[in-house]
1. Which of these, A:PRO77, A:PRO119, A:PRO104, has the largest mean-square fluctuation under a Gaussian network model of chain A (Cα springs below 10 Å)?
2. How many lysine pairs are close in segment B:13-116, with Cα atoms under 23 Å apart and the two 8 or more places apart or on different chains?
3. Which loop-located trypsin sites (Lys or Arg not before Pro) does segment B:67-167 contain, where loop means any DSSP state but H, G, I, E or B and the Cβ has at most 11 other Cβ atoms within 10 Å?
4. If you roll a 1.4 Å probe over the heavy atoms of the protein chains, what accessible area per residue do you get for the protein assembly as shown, in Å²?
5. Ignoring ligands, DNA and RNA, what percent of the accessible area of the protein assembly as shown is carbon or sulfur (1.4 Å)?
6. Which value in deg cm²/dmol, rounded to the nearest 500, describes the helix-derived mean residue ellipticity at 222 nm for the protein assembly as shown, given -39,500 (n - 2.57) per DSSP H run of n ≥ 4 and division by the residue count?
7. Considering only C-alpha atoms, what is the centroid distance from segment A:17-40 to segment B:124-171, in Å?
8. Taking Cα atoms, how many degrees apart are the long axis of helix B:86-102 and the longest axis of chain B, rounded to 10 and kept between 0 and 90?
2 protein chains.
Amino acid sequence: MTLSMYSASVPVFKNMLGNLRHCLDKAAAHAQARKFEPSVLIESRLAPDMLPLRKQVQIACDASKNGLARLSGVEAPKFDDTETTFEQLMERIDKTLAFLDSVPRDKIDGCEDKDITFPAGRDVTRTLKGEAYLLNVALPNMFFHVTTAYAILRHNGVELGKGDYLAGGKV
Amino acid sequence: MTLSMYSASVPVFKNMLGNLRHCLDKAAAHAQARKFEPSVLIESRLAPDMLPLRKQVQIACDASKNGLARLSGVEAPKFDDTETTFEQLMERIDKTLAFLDSVPRDKIDGCEDKDITFPAGRDVTRTLKGEAYLLNVALPNMFFHVTTAYAILRHNGVELGKGDYLAGGKV
């Protein structure tokens with residue numbers, strides 16, 4: 001097998017979103033066991049001007065689905081940012097995974113040199129080739145928000161380890 | 001250009017380590033401006049049982065150089081984990097970047113199906129094909145430690161934004 005734009009994108013996004021879903025599941029169980037409101041975790045942030053857990057999960061999903069949509073030309077579903085519970089956040093991940101699964105391999109393979117224009121701040125866009133966009137923007141962005149979600153949970157005492165982040169607790 | 005094991009690894013590791021170096025540079029300037037001991041940041045952690053900034057930077061380097069070493073068969077330099085200052089941590093990044101630059105492209109391209117055996121906890125190893133190892137272990141591991149380093153700095157009030165993480169402040 002040769003590495004391709006598809007194999008370097010869809011399975012990676014799916015793997016990491018699945019691991020994030022697993023971490024949220026453990027976080028929900030932790031809140032229940034300790035008898036505190038899950039929303040305390042969902043609204044937690046690492047700094048006053050950083051985004052809360054809720055938003056980290058929403059953006060991890062969006063970085064994945066919008067990244068794939070731009071590379072493939074397949075329109076991504078739009079999700080309102082209305083999730084307030086762990087169940088709803090996991091449902092958003094599931095909807096994102098379903099979209100990732102629906103994008104045909106041949107719409108992504110070969111898009112290395114395709115011009116991808118994407119938002120880079122308010123009223124600003126940038127254009128990169130497909131390969132640079134995937135490797136330097138879409139993947140790093142997804143990893144950023146998955147890791148920050150993990151860090152918020154760890155900071156708040158949820159028992160997670162590297163195996164949860166890397167492999168959804170399966171290693 | 002077609003995506004390859006080289007183009008999906010060396011430039012990505014280099015880009016993110018360069019961005020991490022930039023974040024450390026801003027952190028050092030922040031400590032100096034605010035007149036506090038830089039070691040306060042260097043020893044900071046997000047949870048008592050998480051690793052401090054120092055260690056996040058060391059492992060971000062190791063995930064990159066050891067990942068590349070396993071894929072290419074080129075031996076990586078060993079670094080003692082003795083860094084205690086921002087200057088020394090940035091020097092470790094520079095040494096890692098020099099190693100990444102030294103690995104010939106043809107030692108990495110085509111290693112998709114090569115068996116890669118790597119440590120997975122104490123006294124345990126796992127074996128994956130090159131492609132799965134790069135996409136599901138080496139890259140996620142590097143991104144984890146770069147993002148956690150960023151999160152530790154943000155949590156402690158260093159003025160950083162997504163542009164510092166994604167592009168070393170160049171966007």
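The values are calculated or read from the model by the stated rules, or taken from the named source; none is laboratory data. Since the structure is predicted, the reported quantities are computational estimates derived from the model, not experimental observations. For neighbour counting, all protein chains shown are included, and Cβ atoms are generated from backbone atoms with ideal geometry for every residue, glycine included. Heads up: the accessible areas ignore ligands, DNA and RNA and are worked out on the full protein's heavy atoms, side chains in. Shrake-Rupley method; radii C 1.70, N 1.55, O 1.52, S 1.80 Å.
1. A:PRO119
2. Lysine pairs meeting both conditions in segment B:13-116 amount to 20.
3. On the way: sites: B:ARG70, B:LYS78, B:ARG92, B:LYS95, B:ARG105, B:LYS107, B:LYS114, B:ARG122, B:ARG126, B:LYS129, B:ARG154, B:LYS162; in loops: B:LYS78, B:LYS114, B:ARG122.
Hits after loop and neighbour filter: B:LYS78, B:ARG122.
4. On the way: 14930 Å² over 342 residues.
Here the residues of the protein assembly as shown average 44 Å² of exposed surface.
5. Details: 7340 of 14930 Å².
In the protein assembly as shown, the share of accessible area belonging to carbon and sulfur is 49 percent.
6. Details: 16 runs with 196 residues, N = 342.
Helix-only estimate at 222 nm: -18000 deg cm²/dmol.
7. 23 Å
8. That helix lies at roughly 20 degrees to the long axis.
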